[in-house]
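Here is the structure we will look at, set down as structure tokens.
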Amino acid sequence: MQKPELLLYSILGPIRPDIRPLACAIEIIEQLLFVQHLPMENIKAMAHIYSRVAERLQKQTATVAKAIERLTPLCWDALVLNNLLPTYIGDPSMQMPPPRMLVIYLAVYAHFELPFAVAVKKYPDILFPLDASACVADVDVMKAIHRTQAMPIVSDVPICPECGEELSQAQAYCHNCGQRLDWSQYKGTQVICDKPPVLT
């Protein structure tokens, strides 16, 4: 088991931004996955990651969310730049996942010291407890990875990329998990400027 701070320094090297929010998020996800046995598809960014990190570090949830959402692209860029995707994630062709998923991938690496793609194959019953009885012996690693990343659009129904909840319109925030949504890549989309929900 690798300490999250050491894991992040091995990826990022010495950097100026405070890595504690991301390290704390990795630690919390590791606890949820491997002690509380919460399936990874049930882990929500706001409820399970940002709010708990904020409580632990005695900071505002919004501050923690911004810090983690700034650190995860830095982490991803370092993985790509230093050709570390095979080492930490297992799939060198993967596109950058949402922050929640990158934290999960890093938590899996911190726990097993194996890339996510290898850990999925080796420990499917731990990482996918709901599906374990269906296909423990023959897990399609790429299918498992892609299943954990919600797609932004399924047919004509918009889907929150963070929690997978169906959205009724091009809203600025998901009504289920509070994730801020970016519709800039979809031409002609009129964004409804609603406020993020207050999550408890």
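Atom-type composition of the exposed protein surface of region 1-54 places 56 percent of the accessible area on carbon and sulfur (1.4 angstrom probe). Determine the gain in length on full extension of the stretch D182-K66; use 0.36 nm per residue of separation and subtract their C-alpha separation, reporting nm with one decimal. The D182-K66 span can extend by a further 40.2 nm.
Annotation: F116 carries an accessible surface of approximately 0 Å², with a 1.4 Å probe and no ligand, DNA or RNA atoms counted. In this structure, the amide hydrogen of L181, modeled 1.01 Å from its nitrogen in the peptide plane, lies closer than 5 angstrom to those of Y173, C174, counting only residues at least 5 positions away or on a different chain.
By a 1.4 Å probe calculation restricted to protein chains, M46 has an accessible surface near 50 Å², given to the nearest 10. Sorting E55, E30, E113 on solvent-accessible area from highest to lowest, probe radius 1.4 Å, gives E55, E113, E30. Among the protein heavy atoms, those of R52 account for about 90 Å² of accessible surface (1.4 Å probe, every chain in place). Rolling a 1.4 Å probe over the protein heavy atoms gives region 59-127 an accessible area of 44 Å² per residue.
The values are calculated or read from the model by the stated rules, or taken from the named source; none is laboratory data. The model shown is predicted, which means the values in this text are computed figures rather than measured ones. Surface areas here come from the heavy atoms of the whole protein model, side chains and all, with no ligands, DNA or RNA. Shrake-Rupley method; radii C 1.70, N 1.55, O 1.52, S 1.80 Å.
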